1. Say whether the condition of being within 25 Å of residue 30 (Cβ to Cβ) and buried (at least 18 other Cβ atoms within 10 Å of the Cβ) is met by at least one residue in segment 324-331.
2. If I filter segment 333-356 for residues that are touching a strand residue (DSSP E or B) at 6+ places or on another chain (Cβ under 8 Å), within 30 Å of residue 47 (Cβ to Cβ), modelled with pLDDT of 95 or more and crowded, with 20+ Cβ neighbours inside 10 Å, do I get at least one hit?
3. When only residues in segment 39-48 that are touching a strand residue (DSSP E or B) at 6+ places or on another chain (Cβ under 6 Å) and not in a helix (DSSP H, G or I) count, which is farthest from residue 77 (Cα to Cα)?
4. Looking only at segment 148-184, how many residues end up being at pLDDT 95 or above and assigned to a helix (DSSP H, G or I)?
5. One residue is enough: does segment 24-38 have a residue meeting the conditions assigned to a loop (DSSP other than H, G, I, E, B), in contact with a strand residue (DSSP E or B) (Cβ under 9 Å, 6 or more places away or on another chain) and closer than 21 Å to residue 250 by Cβ?
6. Going through segment 274-285 one residue at a time, which ones are surrounded by 21 or more Cβ atoms within 10 Å (Cβ to Cβ) and either closer than 15 Å to residue 351 by Cβ or out of contact with any helix residue (DSSP H, G or I) (no Cβ under 7 Å at 6 or more places or on another chain) (or both)?
7. Tell me, please, whether a residue that is in a helix (DSSP H, G or I), at negative phi and modelled with pLDDT under 95 can be found in segment 290-309.
């Protein structure tokens with residue numbers, strides 16, 4: 001059967017209930033994150049890009065690149081980027097609408113998941129807020145979520161995941177995190193990862209992805225340490241019985257070769273790309289893997305004729321200087337400048353999106369191995385006959401061994417020293 005016919009069938013059965021309700025006449029195949037994970041696993045050694053849509057140009061460019069590559073895609077935003085204290089105009093509550101509108105405008109026919117990344121819960125107050133807020137995000141079109149209580153002790157991380165899960169639809173993609181934001185020391189261990197996944201499994205919660213602290217950092221990469229492939233492989237192998245895939249954060253500072261190694265040697269099926277796409281859309285000079293380059297004076301290098309206009313970039317720099325912002329703070333420019341960027345002439349807006357498209361297309365086809373995964377995602381939907389693909393594994397653990405009290409007791413035997421605190425909010 002031709003892909004066009006499969007697509008039309010998938011459009012009828014593959015869109016989750018919230019998407020059907022929000023966009024009843026849409027031709028955009030917005031799907032659960034589970035669908036994208038299954039497509040990557042079906043191809044093997046393939047990693048879906050999770051593009052952080054910090055601005056509309058990134059989303060437009062990433063969608064066009066995925067369409068060119070015939071690749072399933074994830075568009076995401078993190079709590080710091082798009083939560084109640086957002087520094088981006090794109091947020092948890094409008095991202096699905098932006099994606100749906102762009103897909104229909106451009107005739108996009110690849111499956112796209114809408115992922116709420118880094119939904120952070122640092123304390124009891126955050127958990128109380130989550131119980132109210134998470135349902136509103138799914139009402140607004142989110143189809144996948146990363147519950148991130150990873151900066152808390154291991155027992156509290158697990159307990160927070162358990163407490164909020166009732167607010168997450170069973171059909172939705174689910175990511176959990178163990179130590180990801182702790183910085184470059186105190187790396188995650190197989191025992192910690194097993195503790196989290198086993199505890200969830202005992203309560204009939206089957207995460208699609210787990211994110212680790214495997215040497216990643218966020219933002220502008222200043223060291224060449226990067227992702228520890230051997231550690232990632234070790235953790236993923238320990239989790240094999242539970243069929244959980246890996247989610248790789250902090251890819252914007254790692255070489256293409258290292259990302260290819262992650263695809264080849266680990267069970268990773270999702271890779272977040274944020275800072276690189278922001279910088280590329282603005283027209284800054286980046287290296288092979290999207291790390292913004294600095295001149296001899298430590299300033300970003302604006303490529304003439306690329307991204308925003310030179311006059312607009314001068315205004316951006318002046319604004320940041322007036323705020324006393326360092327280079328890592330430039331992410332905060334997204335919110336005050338989104339409307340200014342949208343008010344530029346069409347040709348300027350187009351070249352911003354085109355630059356993102358070209359970068360993302362190269363990553364999808366030459367680095368992440370994601371090309372031609374769209375038909376595999378559609379096939380998974382048609383095989384299930386539903387938007388709900390179900391779990392990849394059943395319950396293995398005994399719930400009696402994972403009561404709240406036993407979770408606290410089990411955690412005492414785990415190493416809880418996470419070393420230097422990382423940048424939780426990026």
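1. no
2. No, segment 333-356 has no match at all.
3. 47
4. Result for segment 148-184: 13.
5. Among the residues of segment 24-38, not one is assigned to a loop (DSSP other than H, G, I, E, B), in contact with a strand residue (DSSP E or B) (Cβ under 9 Å, 6 or more places away or on another chain) and closer than 21 Å to residue 250 by Cβ, which makes the answer no.
6. 277, 279, 280, 281, 282, 283, 284
7. Within segment 290-309 (the criterion being in a helix (DSSP H, G or I), at negative phi and modelled with pLDDT under 95), the answer is no, since none of the residues qualifies.
Results for (1) over 23 Å from residue 377 (Cα atoms); (2) touching a helix residue (DSSP H, G or I) at 6+ places or on another chain (Cβ under 7 Å), shown as yes or no for each residue.
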| position | (1), (2) |
| --- | --- |
| 74 | no, yes |
| 79 | yes, no |
| 83 | yes, no |
| 86 | yes, yes |
| 97 | no, no |
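The values are calculated or read from the model by the stated rules, or taken from the named source; none is laboratory data. Everything numeric here is computed off the predicted structure, so don't read it as measured data. Positions of Cβ are generated from backbone atoms using ideal geometry, with glycine treated the same way; all protein chains shown enter the neighbour counts.
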